[in-house]
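See below for the structure under consideration.
We did not get these values from a lab; they are worked out from the coordinates using the rules stated. As the structure is a prediction and not an experimental result, all values here were calculated from the model. Neighbour counts run over all protein chains shown; Cβ positions are idealised from the backbone, glycine included.
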Amino acid sequence: MKRILLLLTICSLVSCKRDFSKGPQLSWLQGKWQRVDDRDGRSTFENWRMQIDGSFLGHGFTLEENDTVFEEKLAIKPLNILVKNDNRWVLQVTGVNESPTIFEIKEFTSKSFTAVNLENEFPTHIKYSIINDSLKAQVYSDQMSIDYTFKRR
C-alpha cells in the first residue's frame, strides 16, 4: 500500500511539471557581485546562482573589517511550484526578519525585474537591473529609496 501511495505521489508531481521558460529570464543576475558605492570600511557582496529548475539562489552579506554585520538569503522561484498554470514568481528574502519575506515579481524584462510586497514596512519594492556591466539594485517605498551598484568580481 505504501508503495502505491509513493508511486501515485511521484506520478502526480511529474504530471504537474512546470514550464520554467515562462518565468523571468535572469541569466544576467548569475555570478559574484561586489558593491562599488559602499561606505568606508565596509564591503557588501551578493552571489547569485541559477538552479537546474530555472530558479535562483542568492546570498547577500556585508563585512566590516572581517566581521559579518549583515546577511540575507535570497531565492527567486515560482510562487506555486505544483500548480502548472500559475506563472507567478517571487523573490523570497530570509534572514532579515524572523520569517521569510515574500515579494511577488510583478514585472520583468530581459534586463530587469521588480518585486512587490505592499504589506512590508520597508521596502515595498525591490528592483534589480543590469546596465552595461553593472548590477543595480533599488529597495524603496513611497517614503524612501536606497540604491546599490555592484560590479562582477
What ranking do PHE150, PHE45 get, fewest neighbouring Cβ atoms within 10 angstrom at the top? PHE45, PHE150
Note down the magnitude of the dipole of region 20-152 about its Cα centre, charges +1 on Lys and Arg C-beta and -1 on Asp and Glu C-beta and zero elsewhere, to the nearest 20 debye. 740
Mind checking the full-extension length gain between PHE70 and SER141? Use 0.36 nm per residue of separation minus the Cα-Cα distance, one decimal, nm. 23.5 nm
Using a cut-off of 14 Å between beta-carbons, work out the net charge of the residues near ILE130 (Lys and Arg +1, Asp and Glu -1, ILE130 not included). +3
Which net charge results when you count Lys and Arg as +1 and Asp and Glu as -1 among the other residues whose beta-carbon is under 9 Å from that of THR94? 0
In whole angstrom, how long is each semi-axis of the equivalent ellipsoid of region 20-152, when you take the square root of 5 times every eigenvalue of its Cα gyration tensor and sort them from largest down? 24, 17, 15
Below 8 Å, C-alpha to C-alpha, sequence gap of six or more: please give me the relative contact order for region 20-152 in percent. 19
Those chymotrypsin sites (Phe, Trp or Tyr not before Pro) from region 46-120 that are DSSP loop and have at most 14 other Cβ neighbours within 10 Å turn out to be none
